[in-house]
């Protein structure tokens, strides 16, 4: 079963369309064999050949198949056109109208006087039967469309979960670095400071010139070591990326590129205060990145608004999305992304809030002080 399905998918689209055109032409020829007028042959040719354009103009191709159904009892062309239309549009009233129109065209005979003077009960029965036949490709096309949507959402969810795992790993690493920085500051720096103080006292109290020189050397080395430790502590506290990160970490300069490649209709407004730290810029970038990832994951078809702002005391970013326009699939989430963002906000002495909006959307807001205490 899977091998046959794979081989079918490997067929190029033009080959499938050519096969459908040939089948529709054969179906029409069988029904027209015998007493047929040039008008009937023309309608059959136009309706069958139109299937070659069904992917680009599904509605127009369906309308082209209607005249041939008035003259002959064909099935391939209208069913293929209805299926293509149902697989490419979400307008269900349009699909219902097309199914009714196809059933009416199949039921009526040309000229119309032959239908109107016949048995009305049989005409109604035939209409119901042809309507059920027309509904079948419509339902199948909608099913194929839903399957494509679910497959696309599963890919997006897998990408989002992978991003969550990477972000959570980076957050754990940042927490470990912060702990290491505290240990170095509180323990190692304290001990080295004591060494420097004791060496200074020995330098002043020593009588022997060699002893004073040795004490001076120890004090100088201790002071240099303290400077190096302070530099290392600053780097550890500011770092939030991987331990072996060789590529530059994203900043506000990369925000426009992130939005452009997000695959979501997004507007960017506002600005941040000049001169904010690289760590703050990276936190704003990660907040926007995670928020847009969640929009793709939980609100397909929604639009997003990214607003940068600042006032006299705080700065931040607010990401708000509208309600989803397509059906969402309920999938599990560990919420590691939001947890990591809250921890990043705490490193800036700020806060991160997230929650639904009254309009059915969702909003994520990062707020941090302009000058941390």
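All of the numbers you see were taken from the coordinates with simple rules; none came from a lab. As the structure is a computational prediction, the values presented were derived from the model and not from experiment. Don't worry about glycine lacking a Cβ; one is built from the backbone with ideal geometry, like all the others, and counts go over all protein chains shown.
From Cα pairs below 8 angstrom and at least 6 apart in sequence, can you work out the relative contact order of the stretch 248-369, rounded to a whole percent? For the stretch 248-369, the relative contact order is 25 percent. When both the stretch 276-295 and the stretch 23-67 are represented by their alpha-carbon centers, they are found 56 Å apart. Ranked by how many other Cβ atoms sit within 10 Å of their own Cβ, fewest first, the residues 286, 165, 56 fall in the order 56, 165, 286. Between residue 251 and residue 235, the simple label model (points 7 Å from Cα in the Cβ direction) yields a spacing of 1.8 nm. log10 I(q)/I(0), Debye, Cα-only the stretch 248-369, no solvent, q = 0.09, 0.12, 0.14 Å⁻¹? One equal scatterer on each Cα of the stretch 248-369 leads to -0.23, -0.41, -0.56.
What FRET efficiency comes out for the pair residue 146/residue 371, r = Cβ-Cβ distance, R0 = 30 Å, nearest 0.05? Let's see the in-between values first.
Values: r = 52 Å, r/R0 = 1.74.
Given R0 = 30 Å and the Cβ-Cβ separation, E is 0.05.
Spin-label pair residue 18-residue 197: with each label point 7 Å from Cα along the Cα-Cβ axis, the two points sit 9.0 nm from one another. Modelled spin-label separation between residue 269 and residue 224, with each label point placed 7 Å from Cα along the Cα-to-Cβ direction: 5.7 nm.
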